[in-house]
Amino acid sequence: MSRMSEPSRGTTRRDFLRTSVAGAAALGAWSVARNAHAADGETIRVGMIGCGGRCSGAAVQIMRAGPFVKLVAMYDVFEDHLLAGKSAIENECPGQVEVDGEHMFTQFDGYQHVIDSADVVLIACASKFHPMYAEAAIRAGKHVFVEKPHGIDPVGARRMQAVCDLAREKGLSIVSGLQSRFDSGFRETIKRIHDGAIGRVVAMQSMFLRGPYRTVAREPGQTETQYQFRNWYHFRWLSGDDVTQSLVHNVDRMSWIMREELPAWCFGLAGRSSSFGEVYGDMFDHHAAVYEYPSGARMYALCRTETGCYNNSGDIIMGTRGTCYLDECRIVGETDWTFEGPHNDPYEAEQKALIDSIREGQPINCGDYMANSTLLAVMGQIACYTGKPTTWDEVSKSDLQFGPPPEQSTFETEPPSVKDESGNYPLPRPGSAMPW
């Protein structure tokens, strides 16, 4: 996932790229009237919203679909991320990067200029903005890849569902960064679960245990808001915390296994035990959320971001006739089976599926699961914050929004969380009022 950031202090914006009058004029001169369907051999123009590691990776992966895929526009509110991303992508995809100085944008409205320039928009930045950017792209008639999570709160997840519905109406593709659905080993393994290889699912142990996300130190001269954007993974109002940010992958796989059955309710436990100091922001470093389904199955979902601890990102699915170790694509019990391959790269597979859908005029829409899986993660996050049982009905109707709306979130925005006298940011307190 890429990071949004403020302009660096070296080259001025005037020298670096002209994103206001000149940029708009250039876009006006560059015809953007395109059909949603691209014929064989026709160039497919890609734009990036966010230029950090995740979006840069997605750009490389989508261009591996063929030399006819060209990167033509980039946006990140951090100049250094934009330049670094462009350089890295050029090294990986020589001859496919056609981004000139008039199509690199750092102002907060730069995302719209990227949308205007491209046929396909890749979105991977501070997660708060994913629904807003996806909505703008789909409304403009562009195909979209959007990284998970697809919202960080109930309002954002519902907005993303509306975006997916609109994409379907307009005949546009929208592909989710929940890449597990494109993994050949997972596909075959879950097909066997659906065919009864482990019987009725009883319980699922789902884990995303790892060290902390990359931390970014404060730099001289930064405002508080600029610092939080630079270090966005560690602030709830920008990232949504770790159940929504990381465990959403596992929750999505379990939803797939459960044939998209929605749990009735969940409860959660969470806190911070070792990640102290301002660089870790205002998020917990461990969570456990337990979901109960109407069918009686339970999901035990765990995530942790601490150093020097046991790591595991696997899933274990227990049924009445056997057990599946999903990360190994292996089933034991009445039926012993292991996937023999070939394994694919799901990150590349999802991008190829997106390009193929455009060239073949057969839109692909991940809306059947992407918003619900996100909302399930949000549900577990809320249960951990409040320390109270949380139902699907409650969270699906909630107007809860973390911090100000994305349209109102810029470097001029007062952040909803500031340091206290100890040098730490206040944390949620389970058992008390929900933060924000």
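A few points about this structure:
- Residues of the range 296-352 classified as over 25 Å from ARG210 (Cα atoms) and loosely packed, with under 13 Cβ neighbours inside 10 Å, total: 6
- Cβ separations smaller than 7 Å between residues 6+ apart or across chains give the following pairs from the range 303-320 residues that are assigned by TED's automatic domain parsing to the domain that holds LEU247 to residues that are of a type in the set (Lys, Arg) and in a loop (DSSP other than H, G, I, E, B): GLY319/ARG200; THR320/ARG200.
- Of all residues in the range 321-353 being among the basic types (Lys, Arg) and either assigned to a loop (DSSP other than H, G, I, E, B) or not assigned by TED's automatic domain parsing to the domain that holds THR189 (or both), the one that is farthest from the chain's Cα centre (by Cα): ARG321
- Among the residues making up the range 364-412, those that are in contact with a helix residue (DSSP H, G or I) (Cβ under 6 Å, 6 or more places away or on another chain) and either assigned to a loop (DSSP other than H, G, I, E, B) or surrounded by fewer than 19 Cβ atoms within 10 Å (Cβ to Cβ) (or both) are ILE364, ASN365, SER398, LEU400, GLN401, PHE402, GLY403, PHE411.
- The single condition from (1) buried (at least 21 other Cβ atoms within 10 Å of the Cβ); (2) not in a strand (DSSP E or B) that LYS191 fails is (1).
- Residues within the range 248-277 that are under 21 Å from ILE316 (Cβ atoms) and either assigned to a loop (DSSP other than H, G, I, E, B) or hydroxyl-bearing (Ser, Thr, Tyr) (or both), tallied: 6
- Filter result for ARG181 (on the phi < 0 side of the Ramachandran plot, assigned to a helix (DSSP H, G or I), under 19 Å from the mean Cα position of the chain (by Cα) and among the charged types (D, E, K, R)): yes
- At least 2 residues being at pLDDT 95 or above is the threshold, and among the helices (runs of 4 or more DSSP H) wholly inside the range 1-82 those reaching it are 53-63.
- Among the candidates ARG200, ARG181, ARG230, ARG236, the residue that is basic (Lys, Arg), more than 30 Å from ASP80 (Cβ to Cβ) and crowded, with 18+ Cβ neighbours inside 10 Å is uniquely ARG181.
- Qualifying position, being closer than 10 Å to MET370 by Cα and buried (at least 24 other Cβ atoms within 10 Å of the Cβ), among LYS142, LYS148: LYS148
- Lone qualifier among GLY151, GLY95, GLY141 - being assigned to a loop (DSSP other than H, G, I, E, B), closer than 18 Å to VAL60 by Cα and small (Gly, Ala, Ser): GLY95
- Matching option when the condition is at pLDDT below 95, among the acidic types (Asp, Glu) and farther than 21 Å from LEU375 by Cβ, among GLU278, GLU328: GLU278
- Number of residues in the range 284-306 that are farther than 17 Å from ASP393 by Cα and either modelled with pLDDT under 95 or acidic (Asp, Glu) (or both): the value is 2.
The values are calculated or read from the model by the stated rules, or taken from the named source; none is laboratory data. Fair warning: this is a prediction, and the values are worked out from it, not measured in the lab. Using ideal geometry, Cβ is built from the backbone for each residue, glycine included, and neighbour counts are taken over all protein chains shown.
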